[in-house]
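Worksheet for the structure shown next.
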Amino acid sequence: MSPADKKIISIIIATFQRPDLLKDALNSILGCELNDSFDYEVIVADNDSRDHTQQVVENLMPDFQGRLKYVLEAKKGKSFAINTGILESKGSYIAITDDDCLIDKNWISTIHSTFAVCDLDILSGKVIPLFDQEKPDWIDFNVNFFQGPMVYFNMGDSYLDNAKRPMFAAGANLILKRSSIERFGLFQKEARSQDTEICHRWQNQGAKMGYDPNLVVYHKTPLSRLNKNYFRQWQFTLGKNAVEIFFYERYYFQESKRNCFKIPLWLYRRILSSIGRYLKQMFIGKATFADELSVWFHSGELCGLWSQYHAV
């Protein structure tokens, strides 16, 4: 196959002042298996780091043989950096991962092979956490409240698509078709949950999304995240973000709905129910940290609704 006929996969990594992690991520890409059917490029979108991030990228450029590019995005926000990387890329597929991830050796080839047989706009896969030390016993990946903060995403070992219901993905392993970006738009949300927002917005416009269990990246989990305050803050923020993303579908007050101060009564009931369940479990000595995180999430929803209704 001639070089002109090869599909190009553009790998976008947004980064901010984590040069050592970035170096490991880039080296893991160098270990990916290739064949003559496709090629790739890597674009590091530096979100205005003030350290030696650019030097790390430039030092690795000879190893990538022209496939590695550094771009600077001074406007703060991961979405801005990713969008800049996308606009600087040339591939038919845009593969987004994070600077604290390690790439499975079959990642790039799986992107190529899956899009070759599946008509998709969005593709996702597994994100598996890596721990420097033993995982605390109170973290249970079978409970949703623990998956997001640890960047754990696993929908099983079978291929799935959104033919029956919407799907979502982790931004550490998110692949977009370029022609679909031109149709549905770039990233919009500035803070956390930009991956959820783009999946939601695209699917509302008819995008086809798939999940391939063979598409795997590994996420490094630092010690700083292995504490309960991190989880509490994360769930509270997630509740606020859920309101921002799904406001009109789930939360928007209509005159026909029962409400108090323009907040739907069902949300008050859900918050009080989660608090009551947590207190009851505490009383009998069976309260779990997941019960507490439920309270934090729903409290974030309430806080987010107050902000949204003030703006409407």
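What the Kirkwood sum gives for the chain is a hydrodynamic radius of 20.9 Å, with every pair of different alpha carbons counted. Compared with the dominant Cα axis of the chain, that is its longest principal axis, helix 265-283 is turned about 80°. Exposure proxy for THR288, THR110: other Cβ atoms within 10 Å of each Cβ, ordered fewest to most, give THR288, THR110.
What translational diffusion coefficient, in µm²/s and rounded to a whole number, does the Stokes-Einstein relation yield for the range 109-251 at 10 °C and a viscosity of 1.306 mPa s, taking the hydrodynamic radius as the Kirkwood radius over Cα pairs? D = 98 µm²/s. The long axis of helix 289-311 is offset from the longest Cα principal axis of the chain by roughly 90 degrees. From least to most packed, judged by other beta carbons within 10 angstrom and beginning with the fewest, MET155, MET209 follow the order MET155, MET209. With everything on Cα atoms, drop me the angle between helix 107-117 and the longest principal axis of the chain, reported from 0 to 90° to the nearest 10. The helix 107-117 is inclined about 90 degrees to the chain.
Read-outs throughout are calculated quantities, based only on the coordinates presented, and are distinct from any laboratory measurement. Just so it is clear, the structure is predicted and the values come from calculations on it, not from any experiment. Please note: Cβ atoms are built from the backbone with ideal geometry, for glycine as well, and neighbour counts cover all protein chains shown.
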